[in-house]
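Only one structure is covered here, and it is reproduced in the block below.
The values are calculated or read from the model by the stated rules, or taken from the named source; none is laboratory data. Since we're looking at a predicted model, the values are computed, not measured. We place every Cβ from the backbone using ideal geometry, glycine too, and count neighbours over all the protein chains shown. The accessibility values were calculated without ligands, DNA or RNA, using every heavy atom of the protein model including side chains. Shrake-Rupley method; radii C 1.70, N 1.55, O 1.52, S 1.80 Å.
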Amino acid sequence: MWHIIILIGILVCAFQAIRSERLLVAALWLAGTSALVAIMMYLLGAYQIAVIELSVGAGLVTVLFVFAINIAGEEPIPALSLIPKPLAWVSVIVAVGLLAWQILPLFDLPLGSLQGAGFEEMLWSGRKVDLYLQTALIFAGVLSMVALLSEEQTHKVSTHKEDNV
Amino acid sequence: MNLSIPVIVMAAVIGLVGIGFYCLLVTRNMIRVVVALQIIVKGAMLALLLAGRMRGQLALGQSMALTVIVADTIVAVLGLALAVQVKRRLGSLDLNDLSSLKR
């Protein structure tokens, strides 16, 4: 019963996130989606990832969205889409149909009994390459963001120097 | 109505991917594109965890989902930083204004 309620909540929040007019409201609906997805993960038994998703997905990413929206500002953009909406619907139906076709055969499988190593052992021993990749991604992301956000300041400084000359 | 947990999670996966994909196709706002990507990735994470749970190797699914969370957060950070820069330089978040890539 709880699973169905959470499923409906996830879909409603995600739909509202793409439907709401204001970006700030969309970011809050996205945070709600993250929180409900985290609960679904918890019910699946993935306790550690549920906590990480709740703190990163519903917390950090929402703060980033609010920060970016405050800087960039709300901007009314005409409702005209990049491609015609009927074509978009057809594309979505085809994509979702293909996805369902791939995972439909799994419907009869029961949940398997848990076996093998625990999460910590799997992460630190079995997936070392993933950890290196995550470290590199974090550094690349931080450096890229610093470079992107400081470019305006550099641009202003260079323009100021040109004016003085 | 007696739905098993895998069916419910799969419905969530399909719904999230469909909603995110639709938004990705129709939106012209750069920040909303990042929202759409976030929604799609949440579906992918649930699918990874469900696959691990059904195979009895939840730890493997969790470690992969952790990598996806990190990558997804970096994508969101970069996407939002790009949107802020585009807004500063072009004065607009409309994707149509970026089509020529001229300043």
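Side notes on the structure shown:
- Stokes-Einstein diffusion for the stretch A:1-75 at 37 °C, viscosity 0.692 mPa s, with a Kirkwood radius from C-alpha pairs, works out to 258 µm²/s.
- Label-reachable residues, the stretch B:31-50, where backbone N falls under 15 Å from a point 7 Å from B:Leu95's Cα toward its Cβ: B:31-40
- The stretch between A:Leu149 and A:Val66 holds 28.3 nm of extra length on full extension. This uses 0.36 nm per residue minus the Cα-Cα distance.
- Taking 7 Å steps out from each Cα toward its Cβ at A:Arg19 and A:Tyr132 produces label points 4.7 nm apart.
- B:Val7 contributes an accessible area of around 30 Å² to the protein surface, as traced by a 1.4 Å probe with all chains present.
- Per the accessible-area calculation with a 1.4 Å probe, the total area buried between chain B and chain A rounds to 7200 Å².
- Between helix B:5-26 and chain B: long-axis angle, C-alpha atoms, 0 to 90°, nearest 10: 10 degrees
- In a reduced charge model with +1 at each Lys and Arg Cβ and -1 at each Asp and Glu Cβ, the protein assembly as shown shows a dipole moment near 300 debye about its Cα centre.
- Among A:Ser91, A:Ser20, the sequence by solvent-accessible area, most first, with a 1.4 Å probe is A:Ser91, A:Ser20.
- Cβ-based net charge around A:Val37, under 11 Å, with every Lys or Arg adding one and every Asp or Glu removing one: 0
- Taking B:Leu16, B:Leu48 and ordering them by how much accessible surface each has at a 1.4 Å probe, largest first, produces B:Leu48, B:Leu16.
- Average beta carbon contacts from partner chains per residue of A:87-96, 10 Å cutoff: 4
- With the simple spin-label model, which puts each label point 7 Å out from Cα in the Cβ direction, the A:Ser81 to A:Ala95 separation comes to 1.1 nm.
- Cα gyration tensor shape for the protein assembly as shown, rounded if a/c is under 1.5, else prolate or oblate: oblate
- 0 to 90° range, to nearest 10: angle between helix B:58-90 axis and chain B longest Cα axis: 10 degrees
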